[in-house]
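Below: one structure in structure tokens.
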Amino acid sequence: MMKETADFIFRGINSPVEQAEYTWQSPSNIALVKYWGKKGDQLPANASLSFTLSQCVTTTTVIFGKRGSDRQNLQLFLDGEEQKAFGQKAFSFLDKIRGFQPFLQDYHIQIHTKNSFPHSSGIASSASGMSALALCCMSLEKELNGNVDSDFFYEKASFLARIGSGSASRSVYSKFAMWGQHHEYANGSDLYAIQVPEKEVHKDFHTFRDTILLIDQGKKSVSSTVGHSLLDKHPFRDERYQTANNNITELKHILEKGDIEAFGNLVEQEALMLHALMMSGPESFILMKPNTLAVIEKVRNWRTETGTQLFFTLDAGANVHLLYPESAEPIVLEFIQNELIVYCEDKNYICDNVGEGPQQLMP
Ligand code: DP6
């Protein structure tokens, strides 16, 4: 059943917990229909649909220690080193979710986190990072109040993660997830993401590949906050939201049917539309680099020449995500080695695929 905001307010403690420690590993995800534009309080302007990755993950341990009347202390360590700026971000996240988990105020909180991908890779860590943190908070909630079943656990983890970063809401599920109200998904909600039922996804998509070519490992030149706000005054805004929602309808049927050609066509359009919007807005950003375009051209030509089902998508950055079925893997990897690796910074790329979702590593 669809939930309202009030359903996520914590309902009291059954058993007190003095000290607790949880470790979650949570993946990043790649959007096929993009979330770009917000409304209200961290709600999406249109529905989005993604698949969860398997190799690009954040592993987070949170140590909760009961505090007395002393001031709450929050520390965040990234790769073993204390990071005050990230600590501040985590603090403001915990502050925002306090209304839904008031017990957090009763604890000193120490966060130890690490990413499987380099911080400078241009891969956003917000989806994996925020979902991992939200899952640790949910583990504490479950221990404090045993009446948390598995569905609620992940829905609320998604709800909390969304408050930290919209795309993070989609990272708490295995395989395909969608976020946002949409007439094709009766359970779809702006408040949290849902899993696209596995039986609604053709088997060829369950093992889909995403090889991420690291074109530019520098810092992103537009923050997601600024990026989303660009849509507010964009002349094509309403058209974009309508197109994105239509693309969700189309993608739902494509996933069911297993139509890989139509899938590729749709995801490439989505990626280029995202970048076209950024280029053509009142404040303009060009996030593609010359090598991004060079790769796109090579991919399209090679696809025409060989008939291989190789497609691309982009995030709000220069890196290229190459999407293809498992059966094409040997030939695509050879193509990357022979023809595309020259466009990658330091020849770096990451081989990833549709993943199984987050995993609790401890306890
Ligand atoms: C282009 O989730 O990073 O990756 O909610 O402000 O944290 P915030 O934005 P964020 O935006 C992701 C944008 C995107 C598309 C997508 O993942 O759907």
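No value in this document is a laboratory result; all are computed from the given coordinates. Note that the structure is predicted; figures quoted are calculated from it, not measured. Backbone-built Cβ (ideal geometry, glycine too); neighbour counts: all protein chains shown.
Please give the contour-minus-distance gain from Asp79 to Cys351: 0.36 nm per residue of separation, less the Cα-Cα distance, rounded to one decimal in nm.
So the chain would gain 95.7 nm between Asp79 and Cys351.
Of the lysine pairs in the stretch 1-110, how many meet both conditions: Cα atoms under 23 Å apart, and a spacing of 8 or more in sequence or different chains?
Final tally of qualifying lysine pairs is 11.
Using a Förster distance of 22 angstrom, determine the FRET efficiency expected from the C-beta separation of His202 and Arg300, and round it to 0.05.
On the way: r = 24 Å, r/R0 = 1.09.
Computed FRET efficiency for His202 and Arg300 comes out at 0.35.
For the chain, find the longest principal axis of its Cα atoms and tell me its angle to the long axis of helix 260-280, 0 to 90°, nearest 10.
Between helix and principal axis, roughly 80 degrees.
Take the Cα radius of gyration of the stretch 95-140 and divide it by 2.2 N^0.38 Å, with N its residue count; two decimals is plenty.
Taking N as the residue count of the stretch 95-140, the ratio is 1.35.
Find the Rg to Rh ratio for the stretch 99-256, where Rh is the Kirkwood radius over alpha-carbon pairs and Rg uses the same atoms.
That ratio equals 0.99.
Please tell me the relative contact order of the chain in percent, rounded to the nearest whole number, where contacts are Cα pairs under 8 Å and at least six residues apart.
The normalised contact order for the chain reaches 24 percent.
Could you give the angle, 0 to 90 degrees to the nearest 10, between helix 150-164's Cα long axis and the longest principal axis of the Cα atoms of the chain?
80
What FRET efficiency would be calculated for the residue pair Asp106, Gln359, taking the C-beta separation as r and a Förster radius of 45 Å, to the nearest 0.05?
On the way: r = 27 Å, r/R0 = 0.61.
Working from the Cβ atoms, E equals 0.95.
Just to compare against my own numbers: the Cα pair-distance distribution for the stretch 265-363, 10 Å bins, whole % per bin, please.
Calculated over all Cα pairs of the stretch 265-363, the distribution is 13, 43, 29, 12, 3, 0 percent.
Can you give me the angle between helix 237-257 and the longest principal axis of the chain, using Cα atoms only, in degrees from 0 to 90, rounded to the nearest 10?
The helix 237-257 is inclined about 80 degrees to the chain.
What number, rounded to the nearest 500 deg cm²/dmol, is the helix-based mean residue ellipticity at 222 nm of the chain, given -39500 (n - 2.57) per DSSP H run of at least four residues and division by all its residues?
When only DSSP H runs of four or more count, the value is -11000 deg cm²/dmol.
When Lys and Arg each count +1 and Asp and Glu each count -1, what net charge do the other residues less than 12 Å away from Glu283, Cβ to Cβ, add up to?
Combined, the nearby Lys, Arg, Asp and Glu give 0.
Let me ask something else about it. Under the Kirkwood approximation applied to all pairs of distinct alpha-carbon atoms, what is the hydrodynamic radius of the stretch 5-201 in Å?
Radius from the Kirkwood sum: 17.0 Å.
Please arrange Asp346, Asp352 by how many other C-beta atoms lie within 10 Å of their C-beta, fewest to most.
Starting with the residue having the fewest Cβ neighbours, the order is Asp346, Asp352.
Just how many % of Cα pairs in the chain lie over 40 Å apart, if you round to the nearest whole percent?
On the way: 8168 of 65703 pairs.
That fraction is 12 percent.
If one puts a single equal scatterer on every Cα of the stretch 97-173 and applies the Debye formula without solvent, what log₁₀ I(q)/I(0) results at q = 0.12, 0.17, 0.19, 0.21 Å⁻¹?
-0.35, -0.67, -0.81, -0.96
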